[in-house]
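> Pasting a structure below so you can have a look.
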Amino acid sequence: MFISDPEWQAVALSLKVSMVAVACSLPFGILVAWLLVRRQFPGKTLLDSIIHLPLVLPPVVVGYLLLLGFGRRGFIGEYLYDWFGFSFAFSWRGAALASAVIAFPLMVRAIRLALEAVDTKLEQAARTLGAGRWRVFFTITLPLTLPGIIAGTVLGFARSLGEFGATITFVSNIPGETRTLPSAMYTLIETPGAEGATARLCVIAILLALVSLLLSEWLTRWGRKRLGF
């Protein structure tokens, strides 16, 4: 099966965008999940709802909101561009941001479920033995949450690979810069005589998604086995 350079370029860009999106959002996913499980504070329900909004909003709406906030003249993006010369708009960095926002709820949900299963008595016992909060978190809480973190990371990666609506709304469909795998398929579907290339990218997308899900399941089982679950 011959794959052209533009097709490989779209696949490589999708992998790059997804890896950056997951790597940058994972620390925030762990923090938000911990806050939702371990802390009580005013507005907790509102925060939980906002975190999960991308799951129920049309992706185009999410992309438009990102454009308003992080576009070249957005209320955040304007300062980033004027002060640092940095812009998310019409850049692969913007595609990574859009993918991270869309995948973030799935990541938080997986980590949250794992964190809720951690026995707080273990943490309390460690505290009574003199361990500080940070030591308890990094030596007990985080390792016990590892299966959920792995699952959330891989699911977030898989979701980022398939992101289309928010990405094309926020950063357009620029070859070599923002044309990810879904955007390339969209372009090929509208191109007469490109059925073969569309089918090839479809097969690649299915394989990548399937491998991600199988890897998530295997890593989760591996993590639970190592922790003795």
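> Just checking: which of the helices (runs of 4 or more DSSP H) contained wholly in the range 82-159 hold 3 or more residues that are among the aliphatic types (A, V, I, L, M) and buried (at least 18 other Cβ atoms within 10 Å of the Cβ)?
92-116
> In the range 107-137, which residue that is of a type in the set (V, I, T) and under 16 Å from T220 (Cα atoms) is farthest from the chain's Cα centre (by Cα)?
V118
> Which one of these is surrounded by fewer than 16 Cβ atoms within 10 Å (Cβ to Cβ) and under 30 Å from A194 (Cα atoms): V60, V56?
V60
> Any residue at all in the range 27-50 that is of a type outside the set (K, R), surrounded by 12 or more Cβ atoms within 10 Å (Cβ to Cβ), within 30 Å of L201 (Cα to Cα) and at pLDDT 90 or above?
No.
> Would you point out the residue of the range 160-198, among those that are of a type in the set (S, T, N, Q) and not in a helix (DSSP H, G or I), that is surrounded by the fewest Cβ atoms within 10 Å (Cβ to Cβ)?
T191
> Next up: Just name the residue that is modelled with the highest pLDDT out of those in the range 214-225 that are open to solvent by 90 Å² or more (accessible area, probe 1.4 Å) and among the hydrophobic types (A, V, I, L, M, F, W, C).
L214
The values are calculated or read from the model by the stated rules, or taken from the named source; none is laboratory data. On a predicted model such as this, the values are computed, not experimentally measured, just so you know. Note that each Cβ is placed from the backbone with ideal geometry, even for glycine, and that neighbours are counted across all protein chains shown. Protein only, heavy atoms only, side chains kept; ligands, DNA and RNA dropped before computing areas. Shrake-Rupley method; radii C 1.70, N 1.55, O 1.52, S 1.80 Å.
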